[in-house]
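The values are calculated or read from the model by the stated rules, or taken from the named source; none is laboratory data. Predicted, not measured: the structure shown is a model, and the values here were computed from it. Cβ: placed from backbone, ideal geometry, glycine included. Neighbour counts: every protein chain shown.
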Amino acid sequence: MKTISEVLLIAERTLQTEVEGLSRLASKLNNDFYVIIESILNLRGRVIVTGVGKSALVAQKIVATFNSTGTPSVFMHAADAVHGDLGIIQKEDLVICISKSGNTPEIKVLVPLLRHAGNTLVGMVGDTNSYLAKQADHVLDTTVEKEACPLNLAPTTSTTVQMVMGDMMAVCLLECRNFSSEDFAKFHPGGSLGKKLYLKVSDLYINNDKPEVSPEASIKEVILEITRNRLGAVTVVSDNEIAGIITDGDIRRMMEKYDSISGLQAKDIMYTAPRKIESGELAVNALDLMRSNNITQLVVADDGVYKGIIHLHDLLKEGI
């Protein structure tokens, strides 16, 4: 087993080799890249991304990124294409074929079929003199001088460069389409990421009771209302207007301040400037407001009209 310093040195060398490979990628961008982006933006069909081996895995990632950012895409394994999967490709689709060598047997079988069908063919290749590069309508040059693998065999730097080329395309397409966070949310409805983009305060506070007391309510009434609703707070409402809020903390501070609470009313202990949020705000904004003010509840109000309370637990339960 190698020493710690030796292992870290290998890791650093691997990183440096891949960084150098990426640094050369910018110089390989040319008019073909622009034409490909323009073609995809004007495409009436889909982008079909194909490859074999490690390039096939890269193709799957690129497809996933395209689909999530507004570019309809489908992965097709090059080896399976000649065994029925070629039916995936429709007349108006554009095909991106990924191959380091550009000369694999699967590619040499597939390319003539694509040319015969008349689809626009983009070759993402590591050898611009290869069969694929010469047959493609447009070429994305992902040539690398060497792999990070010390044997210069295992696809390492080359797959990293392919992946980044796909990311560059996806980001260019995203920005050209003025793809917004709202658009992104449509494709990511699940998980915490999706919820941050679409879940609103109105989706959460309606599941809670609407705790409220009048300014003249007794302390017993206040405590009972807080206990009943289990939100740790109650809103003080007077003539349909929000007068203040009383939290568990206010109750504890009251007990420390007064020897006797007999005769005290809600208006005597309420906080008169509660933090509010509108029901149409994103739930993640409610979380930010709670964090910045070190509180666990927000009063929900639209145009000054009291709607309810949203609690930190509501947000945590949704995984935000």
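Structure data summary
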| quantity | calculated |
| --- | --- |
| Qualifying residues in region 198-222 (those that are small (Gly, Ala, Ser) and either under 38 Å from the mean Cα position of the chain (by Cα) or in a loop (DSSP other than H, G, I, E, B) (or both)) - the one nearest to residue 283 (Cα to Cα) | 202 |
| Selection from region 70-95 of residues that are closer than 13 Å to residue 40 by Cβ, buried (at least 16 other Cβ atoms within 10 Å of the Cβ) and at pLDDT 90 or above | 71, 73, 93, 94, 95 |
| Some residue of region 110-122 being in contact (Cβ under 8 Å) with a residue 24 or more places away in the chain, surrounded by fewer than 23 Cβ atoms within 10 Å (Cβ to Cβ) and assigned to a loop (DSSP other than H, G, I, E, B) | yes |
| Matching residues in region 123-150 - criterion: being crowded, with 20+ Cβ neighbours inside 10 Å, in a loop (DSSP other than H, G, I, E, B) and under 31 Å from the mean Cα position of the chain (by Cα) | 126, 142, 144, 147, 148 |
| Residue match in region 55-75 (condition: at positive phi, under 23 Å from the mean Cα position of the chain (by Cα) and in the same structural domain as residue 153 (by the TED database)) | yes |
| Matching residues, region 35-84, being part of a loop (DSSP other than H, G, I, E, B), in contact (Cβ under 8 Å) with a residue 60 or more places away in the chain and among the β-branched types (Val, Ile, Thr) | 69, 71 |
| Unique match (being under 14 Å from residue 219 (Cα atoms), at pLDDT 90 or above and either in contact with a helix residue (DSSP H, G or I) (Cβ under 6 Å, 6 or more places away or on another chain) or of a type in the set (S, T, N, Q) (or both)) among 269, 277, 251, 261 | 269 |
| Leading residue by the ranking (surrounded by the fewest Cβ atoms within 10 Å (Cβ to Cβ)) among those in region 7-59 that are basic (Lys, Arg) and touching a strand residue (DSSP E or B) at 6+ places or on another chain (Cβ under 6 Å) | 28 |
| Selected residue [in contact (Cβ under 8 Å) with a residue 12 or more places away in the chain and under 11 Å from residue 299 (Cβ atoms)] from 245, 206, 269 | 245 |
